1. I'd like to check something: does the stretch 423-431 contain any residue that is at pLDDT 85 or above and more than 26 Å from the chain's Cα centre (by Cα)?
2. For residue 96, all conditions in the list (1) in contact (Cβ under 8 Å) with a residue 24 or more places away in the chain; (2) more than 14 Å from the ligand (Cβ to nearest atom); (3) over 21 Å from the mean Cα position of the chain (by Cα) hold save one; what is the number of the exception?
3. Report, ordered by the first and then the second residue, all pairs with beta carbons closer than 9 Å, sequence separation of six or more or different chains, a first member in the stretch 101-115 that is within 23 Å of residue 378 (Cα to Cα), and a second member that is part of a helix (DSSP H, G or I) and not hydrophobic (A, V, I, L, M, F, W, C).
4. Going through 107, 148 one at a time, which residue ends up being within 23 Å of residue 373 (Cβ to Cβ) and in a helix (DSSP H, G or I)?
5. Looking only at the stretch 395-419, which residues are farther than 24 Å from residue 40 by Cβ and either touching an Asp or Glu at 6+ places or on another chain (Cβ under 6 Å) or buried (at least 19 other Cβ atoms within 10 Å of the Cβ) (or both)?
6. Could you tell me whether residue 268 is surrounded by fewer than 22 Cβ atoms within 10 Å (Cβ to Cβ) and within 16 Å of the ligand (Cβ to nearest atom)?
7. Report the residue count in the stretch 161-186 for those that are crowded, with 20+ Cβ neighbours inside 10 Å and farther than 17 Å from residue 127 by Cβ.
8. For the stretch 290-328, enumerate the residues that are aliphatic (A, V, I, L, M) and away from the ligand (no atom under 12 Å from the Cβ).
Amino acid sequence: MKGSPRPPTGSRRLRVALVLSAVGMLAMAGAVVLPGDASAASTLGASAAERGRYFGTAVAAGRLNDSAYTTILNREFNQVTAENEMKIDALQPQQGQFTYGNADRIVQHARARGMQVRGHTLAWHSQQPGWMQNMSGTALRNAMLNHVTQVATHFRGQIAWWDVVNEAFQDGSSGARRDSNLQRTGNDWIEAAFRAARQADPNAQLCYNDYNTDNWNDAKTQAVYRMVQDFKNRGVPIDCVGLQSHFTGGSNYPSNYRTTLSSFAALGVDVHITELDIRNAPTDAYRNVVNDCLAVARCKGITVWGIRDSDSWRSGESPLLFNGSGQKKPAYDAVLTALNSGTGPNPTTPPPTGNPTTPPPTGGQCTATMTPGQSWGDRYNTSVTVSGATTWSVVVAITPPQKISATWSGSPTWDSSGNVMTMRSDGSGNTFGFTTMTNGNSTARPQIRSCTSG
Ligand code: G3I
C-alpha cells in the first residue's frame, strides 16, 4: 500500500461521522452514557468527535508561541478558525499583493494535528484594506471576485469550510441587506462570491455566516433563511450556514435556538455554530447550546471564539471556557458533560424532509484499494480508492476498541455494532477517507469487506 497522506480537511463532502459502538450498544440496552463513565471522553474535541461533530476555537497566530495557549489548543480542540488572519485586510493589504504567512501558520499548526480548518472570511464589508474600501462598482466587484478566487485557490485542499460571505444583513426589523460598498455593486454579489469560491475550491463546503441570526423570530434570521432557501432553489452553490452566536453584549441565548438550527438544516444545508461566546459564561446557556446542536443532525460542530477569557475580543465579559490562567471554568465542565451525555449521529430530531436516504446499491463488483495516510499518537488516516465503478458502496470493518471518528468524500452509514461502515459515493470522486482512533490498539488496521457498484 502506498500513496500520499490525506488529512481530513479540505474536502467538499467532508462528513464527520460517529461510530455507534458504545452509544448504539448502550442504547439497545436502554442505558445512558453518564458523565464520569469510564467511556466518557475527557476533552471537548474527542467527545464531539464521538458524536460526529467537531469542537473548535478561534486561533490567533500571534499566540502560537504561547505554550500555555497551545497546550490547551492541542489538547482540547479538533477544529480551528483563524480569528483575523484570513480576513481581506490581512491577506491582501495592497491590491494584488497577498500575504499568507500568518494564515499559513495557523493552517499548518492545525493540519499537523489532524484539526479541521474553517476559512474566515472571503467577502465582508468589514476589515477591508484601504484600497478596497475606496473602490466601487465593477472595479470593486471584480476585485472582490479576484480575492475570492486567489485566496480559495491558495488554500485549496486545506479548508473544510469557507465563510464565503460574512454579515451581509442588517440588524433590526427591516430584514434588508446591509448597506456596504459590496452591496452597492449589485444584489447578486453574494451569489457571485459563492460561485467563484466553488470554482476555485470545489471540495470546500461553502457557508454564509452571520450574527444575530440565532432567534428564529428575528427579521434578520428570517431574511437569511429566505436567502438560503432562494439559493438552494436556484442552484447557487451553498452548503452551510454559520450562526456566530455571540451571546454577549446585548444578545442572549434564545429559547428557540434549536428551532433556528433545525429550520436552516431542513433547507438542505449544514449548520455550524461558528463564534460562540456567552457573557459571563453561564453554565446553563453553554449546556443548552451544546444540547441544541447535538439534537440537530446537520449541526456539524461548535467553535468558541477564543480559548481563554484573556484571548477574547470581549475579555472584560469573561465569556469563554477557560480563565486567563488557562484553568477550566464551570462552563467547560457543563459543555464537556453535555457532549458526553449527548446523542451521536442518530439525532433526536428527525432528519429533514427532502433529504432522501440513499437507495441500496444494485450493481456488480468494483475494486477498493486502501492507502495508509497520516498518523498521530492516538489516530491515523486511511484513504480508499475505488476503481471499476463511478457510483459505489464500500463496506469497511474496523477492530474495536478502535473507532472511526471522522470521514470525508463519501456518505457513511453504520451497522448496529458501529464497527462496520458502509461508505457510498457522494459524487465528489472515487476516493474517500476516514480517521480511526486507536483507543489503545495501535496495530489493528481496517479491512475492506466488499465493493459494490451502482
Ligand atoms: O494587530 C493590531 C495591532 O498591531 C494594533 O496595535 C492594535 C491596535 O489598533 O490592533 C490590532 O489589530 C486588532 C485585531 O483585532 C487583532 O487584535 C484590530 O484593531 C481589531 O479591530 C481586531 O478585532 C477583531 C474584530 O473581529 C475586527 O472586526 C477581533 O480580534 C475579532 O475577534 C473579531 O472577530 C469578529 C469576526 O471576524 C466576525 N464576527 C464578529 C467577531 C467579533 O467582532
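The values are calculated or read from the model by the stated rules, or taken from the named source; none is laboratory data. Here the structure is a predicted model, which means the values were calculated and not measured. Counting neighbours? That spans all protein chains shown, and the Cβs are built from the backbone with ideal geometry, glycine included.
1. So far as the stretch 423-431 goes, no, none of its residues is at pLDDT 85 or above and more than 26 Å from the chain's Cα centre (by Cα).
2. Failed condition: (1).
3. 109/70; 109/74; 113/74; 115/45; 115/74; 115/109
4. Values: 148 fails: within 23 Å of residue 373 (Cβ to Cβ).
Of the residues listed, the single one that is within 23 Å of residue 373 (Cβ to Cβ) and in a helix (DSSP H, G or I) is 107.
5. Residues of the stretch 395-419 farther than 24 Å from residue 40 by Cβ: 395-397, 408-411, 413.
396, 408, 409, 410, 411, listed by residue number.
6. no
7. 3
8. Residues satisfying the conditions are 290, 294, 295, 296, 297, 302, 307, 321.
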